[in-house]
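Here's the structure, in structure tokens; my notes come after.
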Amino acid sequence: MKACTQSFSALLAGLLLAATVTVATPALAQGHLRIGLAEDPDNLDPTTAGSYVGRIVLAAMCDKLFDIDASLNIVPQLALSHETSQDGKTVTLKLRPNVKFHDGEPFDAEAVKFTLDRHMTASNSLRKADLSQIDKVEAADPLTVRLLLKAPFSPLIAQLTDRAGMMVSPKAVKEAGDKFVARPICAGPYRFVERVAQERIVLERFADYWDKDRIHIDRVTYFSIPDSTVRLANLRSGSLDLMERLLPTDIPAVRGDARLKLVVSPSLMYTGLTINLANTDQARNPLGQSAKVRQALELSLDRDAINKVVFNGEFTPGNQFSSPTNPYYIKKFPIPARNIDRAKALIKEAGATPPITVDLMVPNQPDVRQVAEVVQAMSAEAGFDMKLRLTEFATSLSEATKGNFQAYLIGWSGRVDPDQNVINHLGCNTPFNWGKYCNETTQNALNEARTFTDQARRKAAYEAALTQIEADRPLIYLYHQALVFAHSAKLTGYKQAPDGIIRLQDMKLVP
């Protein structure tokens, strides 16, 4: 970890420099797919995992009850269908027959009940908010599951397209206990082989996978390479076959290389500044105690400039959990323009004395670091003194959970339903609410949105929630990422879904 400061002009000059990096990773092997990840996953247990890169790896190991397609439609995976009762309080799932876990145990209704119960009750589970409206899970017969709800819950099936829907082997969990996280056993196309922290995760094809005709690669290795320039260097040298999150500034280089393929598409993601509002020493500062100071910080920032300087204009500036092109975007609250004079006035109204020192925790990745440096330089003009604390990604998640930050520059990979793009971060006592924001008006509106299936009624509830969020500003949204991936021209069948998850079905490596 280290602190950084620099002038805005020096920052802009530095961002124009090109880096040349030479690295070595394992040579090409037939039937061996090598993927470069921007971070090292926190863990590989669907119940407790909390990172985007973890979702990428888990998608290869752990099939879900449902999945999404390239058009964000919900499609069957381990569950073939779902039916909701007229009162909205009973959901019946019909399961796929003849499915096995990696340990040979059968996948059935009892396994679904075990997994969902574990998600809902484990003390360290991060899936509780996803499934909070489930009162009871019943195994009606070997291939039928009934979910009895406390109230109608419109996001439920969408929740089951992600980690909350990933099924684990009950036998393996019972035998391994808290060591299950070190060797997870699920029902996906690939099984776990080994993990070397901060370096690699190795998987091999599961011969008894229910959809094995769509799996053509024998072995997959995920390499943790935080620097996008290094990931690209490995891809260009042939040491990687696929990389996620290419820097937008490197798009021309990839387009000009016939050995590579570029994939750019919209995403469900956002990145923002989470503010620590907890009643702790970390929150006892002007930023943590005054909404006016938080508004001043927002007004010191120019989102368009951040996008152009760091991301070559490829991302979408934003100020809400939904992007401006999303049907759930609330037009009543447009992106505010930068206004230094107003920012200074708000600081004065709050009774704060500049410079306002802020400990800003930043995952130590080049692009995120550059965003932090721009934020640091812009906010300084309004009277903020941002001390950048560069932190390894998984460590930053741990620090955030402990509340060891004043502000945290962090992204969210996004979900198909808006519920999980806001309630997990700004709902009371939810798993990714690192800033400990809790407001009754906001919570009631978010809860109400969960009971409606009609989009207009849900959007009205989200508008009520956002009205309070705008007043409190516990999270300053900055931008919505585009998915910018690159892969070798020898890799065929790669399809990029808006959730940014790498699905290995139908992918092949050709000579």
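Among the numbered criteria (1) open to solvent by 10 Å² or more (accessible area, probe 1.4 Å); (2) in contact (Cβ under 8 Å) with a residue 40 or more places away in the chain, which single criterion is violated by GLY256? Every condition holds for GLY256 apart from (2). Among the conditions (1) modelled with pLDDT under 95; (2) open to solvent by 30 Å² or more (accessible area, probe 1.4 Å); (3) farther than 26 Å from HIS119 by Cβ, SER265 misses just one, which is (2).
Selection of segment 224-250 for residues being closer than 14 Å to HIS487 by Cβ and open to solvent by less than 30 Å² (accessible area, probe 1.4 Å) yields ARG231, LEU232, ASN234, LEU235, SER239, LEU240, ASP241, LEU242, MET243, GLU244, LEU246.
Give the residue that is most open to solvent (accessible area, probe 1.4 Å), with candidates limited to residues of segment 450-475 that are free of Cβ contacts under 8 Å to residues at least 60 places away in the same chain and either within 24 Å of GLY411 (Cβ to Cβ) or acidic (Asp, Glu) (or both). Selected residue: ASP454.
When each of LEU72, LEU44 is tested for being surrounded by fewer than 24 Cβ atoms within 10 Å (Cβ to Cβ) and on the phi > 0 side of the Ramachandran plot, the lone residue that passes is LEU72.
Among the residues of segment 327-368, how many are open to solvent by less than 60 Å² (accessible area, probe 1.4 Å) and closer than 26 Å to PHE393 by Cβ?
Looking only at that region, the number is 10.
Can you find a residue in segment 149-167 that is aliphatic (A, V, I, L, M), more than 21 Å from THR90 (Cα to Cα) and crowded, with 20+ Cβ neighbours inside 10 Å? No, that holds for no residue. Can you find even one residue in segment 476-490 that is charged (D, E, K, R), farther than 27 Å from ALA394 by Cβ, at pLDDT 95 or above and surrounded by 20 or more Cβ atoms within 10 Å (Cβ to Cβ)? Scanning segment 476-490, I find no residue that is charged (D, E, K, R), farther than 27 Å from ALA394 by Cβ, at pLDDT 95 or above and surrounded by 20 or more Cβ atoms within 10 Å (Cβ to Cβ), so the answer is no. When residues in segment 268-289 are screened for being among the aliphatic types (A, V, I, L, M) and surrounded by fewer than 19 Cβ atoms within 10 Å (Cβ to Cβ), 2 of them pass.
If you scan segment 70-121, which residues turn out to be in contact with a Lys or Arg (Cβ under 9 Å, 6 or more places away or on another chain), farther than 30 Å from ASP178 by Cβ and among the small types (Gly, Ala, Ser)? Selection gives ALA70, SER81. Applying the criterion of being surrounded by fewer than 17 Cβ atoms within 10 Å (Cβ to Cβ) and either in contact with a Lys or Arg (Cβ under 7 Å, 6 or more places away or on another chain) or of a type in the set (Phe, Trp, Tyr) (or both) to the residues of segment 129-139, the residue that is nearest to GLY427 (Cα to Cα) is ASP135. Would you confirm, using the coordinates I've provided, whether PRO498 is assigned to a loop (DSSP other than H, G, I, E, B), within 20 Å of ILE56 (Cβ to Cβ) and open to solvent by 10 Å² or more (accessible area, probe 1.4 Å)? So PRO498 fits the description; yes. Each residue in segment 76-123 was checked for being among the aliphatic types (A, V, I, L, M), more than 27 Å from LYS150 (Cβ to Cβ) and either open to solvent by 40 Å² or more (accessible area, probe 1.4 Å) or at pLDDT below 95 (or both), and 0 pass.
Here LEU126 clears all of (1) open to solvent by 10 Å² or more (accessible area, probe 1.4 Å); (2) hydrophobic (A, V, I, L, M, F, W, C); (3) assigned to a loop (DSSP other than H, G, I, E, B); (4) in contact with a helix residue (DSSP H, G or I) (Cβ under 7 Å, 6 or more places away or on another chain) except the condition numbered (4).
The values are calculated or read from the model by the stated rules, or taken from the named source; none is laboratory data. Being a predicted model, the structure only gives us computed values, none of them experimental. Don't worry about glycine lacking a Cβ; one is built from the backbone with ideal geometry, like all the others, and counts go over all protein chains shown. When the accessible area is computed, the model is the full protein with side chains, heavy atoms only, and any ligands, DNA or RNA have been set aside. Shrake-Rupley method; radii C 1.70, N 1.55, O 1.52, S 1.80 Å.
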